[in-house]
Amino acid sequence: MDKKTIRDIDVYNKKVLLRVDFNVPLKDGVITDDNRIKEELPTIKYLLDNGASVIVMSHLGRPEGEVNLKYSLKPTAVRLSEYLAKEVKFAEDCIGEDAAKMAKELESGQVLMLENLRFYAEEEENEKTFCEKLAALADIYVNDAFGTAHRKHASTYGVAKMLPNAVGFLIEKELKMIVDTINDPKRPFVGILGGAKVSDKITIVESLLNKVDTLIVGGAMAYTFLAAQNYNLGNSRVERDMIAEAQRLLALAQEKNVEIMLPCDHVVTNNFENPTVVKNTVNANIPNDMLGMDIGKQTVKLYKKAVKKAKTVIWNGPMGVFENKTFENGTKQVAKALAKTKATTIIGGGDSAAAVIKFGYAKKITHISTGGGASLKLFEGKVLPAVDVIENK
Ligand code: AMP
């Protein structure tokens, strides 16, 4: 990688402002998954071991630019302190007199965590004075928040321009695993896309057609592609205004000799909220009074076979409404196929990462990204603004 990492800078006796992604799921103030905190420990430990003091900053949830203690980062500071086995001081505000005083008094080897950056609208606006106030807290800026690296916010972009800077080990690892794999894949290279909305993923479908040998499509996304081939989809979630675009992509795939695999059968139900009737269809058509909720049994077999043949697999988006046990099979079986193969397997954050973890296959995957949106941008071959802004080596 051509960007500076923390190995390339001298942090001894320096105050390091470290942007992390501690946007962890919370239930009644209790962290339900602390993977993002664990993933950050190597960077924080390295900085401390090399004589820095570390000022940790992050966002959590969507407080919409207002102080809302439901989104306080305090629980993450407590958890971090447990993992580091040392005190993590906590500033009740990310800027202002108290934060400035606490940062000033911080000594080598100590850790200070700032309150949620998104309590200020200026964070997402990348507002200059807000950036200056954050930058004034430290000597060096380090970004390790892969989950927000596709955003041009104050703490991910603006501050970087005001201080000597580098990326941390998590961003370094994510870039290495995802970019290196996509740029130089062992073939056959299979991409798997699922989830709900074609409109969200249209650009990634198009760019993947330049990279993969086979593109497997599942989830509600598949229905728009099937509608483009004149199948009957009943009451399934079809994005009518994207049908023409789906037709164009199917033709483009043919031109590029990329196979797009679509479901040949489905698990369908009578009602999304209250599914009293559940059936496997006999083909790709869905009866008028039913809607698709998962890929069917035959489709599962074909998708698993395609994964088995692959040497590289990237996956984003579930195959069905996996949150409901009745409709989890497609996603579970695809996760299992990825766990079983010796191929390089990369999972792009979000729901598919949650599914793989939920089904117990996480350890068998080559790389599970910590950032859904950011990894999708990398799948597309785009540059992440928060990485782009970091100094070159
Ligand atoms: P996305 O955010 O686009 O990755 O979409 C993830 C969501 O897609 C999950 O919450 C799934 O429940 C949903 N999903 C997957 N398959 C279907 C389907 N067949 N019908 C409706 N929603 C679906």
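The values are calculated or read from the model by the stated rules, or taken from the named source; none is laboratory data. These numbers were taken from a predicted model, which means no experiment stands behind them. Heads up, the Cβs are rebuilt from the backbone with ideal geometry, glycines too, and the neighbour counts pull from every protein chain shown.
Annotation note: Cβ proximity below 6 Å between a residue of the range 228-256 that is without any contact (Cβ under 8 Å) to a residue 24 or more places away in the chain and a residue that is among the β-branched types (Val, Ile, Thr) and within 16 Å of the ligand (Cβ to nearest atom) (sequence gap 6+ or interchain) occurs for VAL238/THR224. Among the residues of the range 201-220, are any over 23 Å from THR312 (Cβ atoms) and touching a helix residue (DSSP H, G or I) at 6+ places or on another chain (Cβ under 7 Å)? No, the range 201-220 has no match at all. Taking the condition of being among the charged types (D, E, K, R) and either assigned to a loop (DSSP other than H, G, I, E, B) or touching a Lys or Arg at 6+ places or on another chain (Cβ under 9 Å) (or both), how many residues in the range 127-185 meet it? The total comes to 7.
Would you pick out the residues in the range 336-355 that are modelled with pLDDT of 95 or more and within 14 Å of the ligand (Cβ to nearest atom)? ILE347 - this is the single residue of the range 336-355 that is modelled with pLDDT of 95 or more and within 14 Å of the ligand (Cβ to nearest atom).
What number of residues within the range 1-27 satisfy the criterion of being assigned to a loop (DSSP other than H, G, I, E, B) and not hydrophobic (A, V, I, L, M, F, W, C)? Of the residues in the range 1-27, 9 are assigned to a loop (DSSP other than H, G, I, E, B) and not hydrophobic (A, V, I, L, M, F, W, C).
Per the conditions (1) within 16 Å of the ligand (Cβ to nearest atom); (2) of a type outside the set (S, T, N, Q); (3) in contact (Cβ under 8 Å) with a residue 12 or more places away in the chain, the sole criterion not satisfied by PHE189 is (1).
For the condition surrounded by fewer than 17 Cβ atoms within 10 Å (Cβ to Cβ), closer than 27 Å to LEU384 by Cβ and not polar (S, T, N, Q), what is the one hit in LYS201, LYS197?
LYS197
Can you find a residue in the range 270-278 that is within 29 Å of ASP180 (Cα to Cα), in a loop (DSSP other than H, G, I, E, B), within 15 Å of the ligand (Cβ to nearest atom) and at pLDDT 95 or above? No, every residue in the range 270-278 fails to be within 29 Å of ASP180 (Cα to Cα), in a loop (DSSP other than H, G, I, E, B), within 15 Å of the ligand (Cβ to nearest atom) and at pLDDT 95 or above. Of all residues in the range 262-269, at least one satisfies being polar (S, T, N, Q), within 14 Å of the ligand (Cβ to nearest atom) and out of contact with any helix residue (DSSP H, G or I) (no Cβ under 7 Å at 6 or more places or on another chain).
Just to be sure, is GLU323 acidic (Asp, Glu), free of Cβ contacts under 8 Å to residues at least 12 places away in the same chain and within 16 Å of the ligand (Cβ to nearest atom)? When the stated conditions are applied, GLU323 passes them. Among the residues of the range 227-263, those that are within 20 Å of ASP289 (Cβ to Cβ) and more than 27 Å from the chain's Cα centre (by Cα) comprise ALA227, ASN230, TYR231, ASN232, LEU233, GLY234, ASN235, ARG240.
Can you name the residue in the range 356-393 that is within 16 Å of the ligand (Cβ to nearest atom) and basic (Lys, Arg) and is also nearest to ILE140 (Cα to Cα) among such residues? Looking at residues that are within 16 Å of the ligand (Cβ to nearest atom) and basic (Lys, Arg), I get LYS377.
Go through the residues of the range 21-42 one by one and say whether even a single one is of a type in the set (Val, Ile, Thr) and surrounded by 24 or more Cβ atoms within 10 Å (Cβ to Cβ). No, the range 21-42 contains no residue that is of a type in the set (Val, Ile, Thr) and surrounded by 24 or more Cβ atoms within 10 Å (Cβ to Cβ).
Across the range 320-347, the qualifying residues are those that are out of contact with any Asp or Glu (no Cβ under 9 Å at 6 or more places or on another chain) and among the hydrophobic types (A, V, I, L, M, F, W, C), and the one among them that is surrounded by the fewest Cβ atoms within 10 Å (Cβ to Cβ) is ALA339. Every condition in (1) modelled with pLDDT of 95 or more; (2) farther than 26 Å from LYS133 by Cα; (3) part of a loop (DSSP other than H, G, I, E, B) holds for TYR83 except the one numbered (3).
Residues that are at positive phi and within 16 Å of the ligand (Cβ to nearest atom) within the range 193-243 comprise GLY195, GLY219, GLY234, listed in sequence order. For the range 101-114, indicate whether the set of residues that are among the acidic types (Asp, Glu), in a helix (DSSP H, G or I), surrounded by fewer than 22 Cβ atoms within 10 Å (Cβ to Cβ) and within 20 Å of the chain's Cα centre (by Cα) is non-empty. No, because not a single residue in the range 101-114 is among the acidic types (Asp, Glu), in a helix (DSSP H, G or I), surrounded by fewer than 22 Cβ atoms within 10 Å (Cβ to Cβ) and within 20 Å of the chain's Cα centre (by Cα).
Criterion first (out of contact with any strand residue (DSSP E or B) (no Cβ under 7 Å at 6 or more places or on another chain), polar (S, T, N, Q) and over 20 Å from ASP184 (Cβ atoms)) does THR326 satisfy it? When the stated conditions are applied, THR326 does not pass them. Within the range 36-74, the set of residues being assigned to a helix (DSSP H, G or I), more than 29 Å from SER108 (Cβ to Cβ) and not basic (Lys, Arg) comprises LEU69, TYR71.
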